[in-house]
1. Could you list, in sequence order, the residues of the stretch 45-67 that are touching a residue at least 24 places away in the same chain (Cβ under 8 Å) and either crowded, with 17+ Cβ neighbours inside 10 Å or under 19 Å from A11 (Cβ atoms) (or both)?
2. Taking the stretch 23-44 as the region of interest, how many residues are out of contact with any strand residue (DSSP E or B) (no Cβ under 8 Å at 6 or more places or on another chain) and either in a helix (DSSP H, G or I) or surrounded by fewer than 14 Cβ atoms within 10 Å (Cβ to Cβ) (or both)?
3. Quick one: in the stretch 92-128, of everything that is modelled with pLDDT of 65 or more and outside any helix (DSSP H, G or I), which residue is surrounded by the most Cβ atoms within 10 Å (Cβ to Cβ)?
4. Determine if the stretch 76-91 includes at least one residue that is of a type in the set (S, T, N, Q), part of a helix (DSSP H, G or I) and modelled with pLDDT of 90 or more.
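The values are calculated or read from the model by the stated rules, or taken from the named source; none is laboratory data. What you are looking at is a predicted structure, and each value in this text was computed from that prediction instead of being measured. Please note: Cβ atoms are built from the backbone with ideal geometry, for glycine as well, and neighbour counts cover all protein chains shown.
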Amino acid sequence: MTAIFDALGNATRRHILRVLAGGECAVGDVVAALHPARSISQPAVSQHLATLRDAGLVTVRADGRRRLYAVDDDGIATARSWLAELTDPLAGLAQPLDALETEVARGQRDRRRRTSPARLPDEHGGRTA
């Protein structure tokens, strides 16, 4: 988690992620997309992409001699989940509470069965109290 937010702490890396949000790109395409806003070399962009990849925010795949980079949805989901915990700290308890509710209901049902009078078969084979 720390690596994700360390990577996001850099304005150039956040800008690179915005570029990649439009679809996968080669390093040269990222450099060209960044050029109007800031002058940055291809080796510098490659270093930023490596940091984003190491943090789990970017994926890379080979396409011949080129490497295409894209936003890693899993990394973004991890960051989003952590941030969501800040606004809803009890969200992580929803599933355990559902399980607890099921166990309580099961216990109540078992207690009712143990305390209800035994049912005996009537003369027609049915059960009566």
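1. V45, H48, L49, T51, L52, D54, A55, G56, L57, V58
2. Residues in the stretch 23-44 being out of contact with any strand residue (DSSP E or B) (no Cβ under 8 Å at 6 or more places or on another chain) and either in a helix (DSSP H, G or I) or surrounded by fewer than 14 Cβ atoms within 10 Å (Cβ to Cβ) (or both): 14 in total.
3. S116
4. There is at least one residue in the stretch 76-91 that is of a type in the set (S, T, N, Q), part of a helix (DSSP H, G or I) and modelled with pLDDT of 90 or more.
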